[in-house]
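A short worksheet on the structure shown next.
The values are calculated or read from the model by the stated rules, or taken from the named source; none is laboratory data. Note that the coordinates shown come from a computational prediction; the quantities given were computed from them, not determined experimentally. So basically every Cβ, Gly included, is an ideal-geometry build from the backbone, and we count neighbours across all protein chains shown. Calculation scope for accessible area: heavy atoms of the full protein, side chains included, ligands and nucleic acids excluded. Shrake-Rupley method; radii C 1.70, N 1.55, O 1.52, S 1.80 Å.
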Amino acid sequence: KLLIPEADVPLVAVSLRAGQKAEDQVAIGRALAPLRDEGVLIVGSGASFHNFKYFFARDGESRSKGEAHSRTFDNWLRQAVTDRSLEPDARIRQLCAWESAPSARESQPVGGAEHLMPLFACLGAALGEAGVTVGEQDETFGSLAMS
């Protein structure tokens with residue numbers, strides 16, 4: 001009701017594919033892209049930081065490291081998503097190579113990137129066009145970025 005009070009936009013939930021491969025999620029998004037022309041709103045929900053080692057760290061040094069990794073990866077991710085100078089195919093290639101980004105694996109450990117994967121379905125649905133940000137990095141949960 002907050003986003004669309006009339007609730008008159010079709011909604012379909014899509015599950016993630018096993019394996020956490022960005023390219024697989026982009027392919028799902030591309031298959032959904034034609035629905036945009038029919039007025040279907042495609043939304044992905046997740047987190048740019050999902051490392052419980054840092055999230056639940058009790059010592060200040062580990063917590064600070066997690067927060068630094070969170071900011072570093074989140075900044076890289078935001079830049080890659082919103083950089084209008086990137087061509088759509090270049091954006092897709094860059095984002096699909098997310099594992100090599102600064103602080104990527106500290107932010108999304110191997111096997112723990114399920115909260116990042118919805119971004120790639122949205123990227124595919126957008127056919128690689130630049131996204132926009134709608135707020136600042138939310139560090140409500142400390143090192144857990146919610147961009």
#### Entry: Sequence ranges 89-101, 112-124, ranked by mean other-Cβ count within 10 angstrom, highest first
112-124, 89-101
### Query
Tilt of helix 22-32 relative to the longest C-alpha principal axis of the chain, in degrees (0 to 90, nearest 10)?
20 degrees
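Express the accessible area of region 22-126 per residue in Å², computed with a 1.4 Å probe while the remaining protein chains stay in the model. Mind showing how you got there, number by number?
Numbers: 5380 Å² over 105 residues.
Computed with neighbouring chains in place, this is 51 Å² per residue.
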### Query
Can you give the charge dipole size of the chain about its Cα centre, rounded to the nearest 20 debye, using +1 on the beta carbon of Lys and Arg and -1 on the beta carbon of Asp and Glu?
340 debye
#### Entry: Helix-only CD estimate at 222 nm, as mean residue ellipticity for the chain, using -39500 (n - 2.57) per DSSP H run (n ≥ 4)
-12000 deg cm²/dmol
### Query
Which distance in nm do the two modelled labels at residue 61 and residue 79 give, with both placed 7 Å along the Cα-to-Cβ direction?
2.9 nm
### Query
Taking the simple approach of a point 7 Å from Cα along Cα-to-Cβ for both residue 114 and residue 41, what is their distance in nm?
2.6 nm
### Message
If you roll a 1.4 angstrom probe over the protein chains with everything in place, what fraction of the accessible area of the chain belongs to carbon and sulfur, to the nearest %?
### Response
55 percent
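Please go through region 1-89 and write out the trypsin sites (Lys or Arg not before Pro) that DSSP classes as loop and that have at most 11 other C-beta atoms within 10 Å. Don't skip to the answer; put the middle values down first.
Details: sites: 1, 17, 21, 30, 36, 53, 58, 63, 65, 71, 78, 84; in loops: 1, 17, 21, 58, 84.
Sites meeting the loop and neighbour criteria: 1, 58, 84.
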### Query
In square nanometres, what is the average projected area of the Cα convex hull of region 22-126?
6.9 nm²
### Summary
Along the dipole axis of region 1-59 (charges at Cβ: +1 for Lys and Arg, -1 for Asp and Glu; origin at the Cα centre), the most positive-end residue among 16, 56, 3 is 56
#### Entry: Of 37, 74, 24, the one that fluctuates the most in a GNM where the chain has Cα springs shorter than 10 Å
37
